[in-house]
Amino acid sequence: MDIQNELKTTKGDLLHTAVKNTISMIPGVGDYLSEAFSLLVTQPAEKRKENILVMIDERLQQLENKSVDVESLVTNELFLSSVL
């Protein structure tokens, strides 16, 4: 998987947002239904974020297998800034 591709906005993101906003316009209950929709239907961007975290974990494990001290990255500001 390529992290750059995972960061791009997709048609699914736009569709999810459009549906949520349309639901929120229902008088009286729109806000509640819109939040329920968000809980029941995961936004595609959230799924991609989870994929990115899995990729980062896999790559850190590869570094650890090559005898890199992964624990030292916790205090490395450049690494933390890049990941965040």
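Part of a helix (DSSP H, G or I), β-branched (V, I, T), in contact with a Ser or Thr (Cβ under 6 Å, 6 or more places away or on another chain) and surrounded by 11 or more Cβ atoms within 10 Å (Cβ to Cβ), is that true of I52?
Spelling it out, it is not the case that I52 is part of a helix (DSSP H, G or I), β-branched (V, I, T), in contact with a Ser or Thr (Cβ under 6 Å, 6 or more places away or on another chain) and surrounded by 11 or more Cβ atoms within 10 Å (Cβ to Cβ).
Considering only residues of segment 14-70 that are in contact with a Lys or Arg (Cβ under 8 Å, 6 or more places away or on another chain) and among the hydroxyl-bearing types (S, T, Y), which is modelled with the highest pLDDT?
Residue satisfying both the conditions and the ranking: S34.
Is there a residue being assigned to a helix (DSSP H, G or I), touching an Asp or Glu at 6+ places or on another chain (Cβ under 6 Å) and at negative phi anywhere in segment 67-77?
So far as segment 67-77 goes, yes, one or more of its residues are assigned to a helix (DSSP H, G or I), touching an Asp or Glu at 6+ places or on another chain (Cβ under 6 Å) and at negative phi.
The values are calculated or read from the model by the stated rules, or taken from the named source; none is laboratory data. None of the values given here were measured: they were computed from a predicted structure. With ideal geometry, Cβ positions are generated from the backbone for all residues, glycine too; neighbour counts draw on all protein chains shown.
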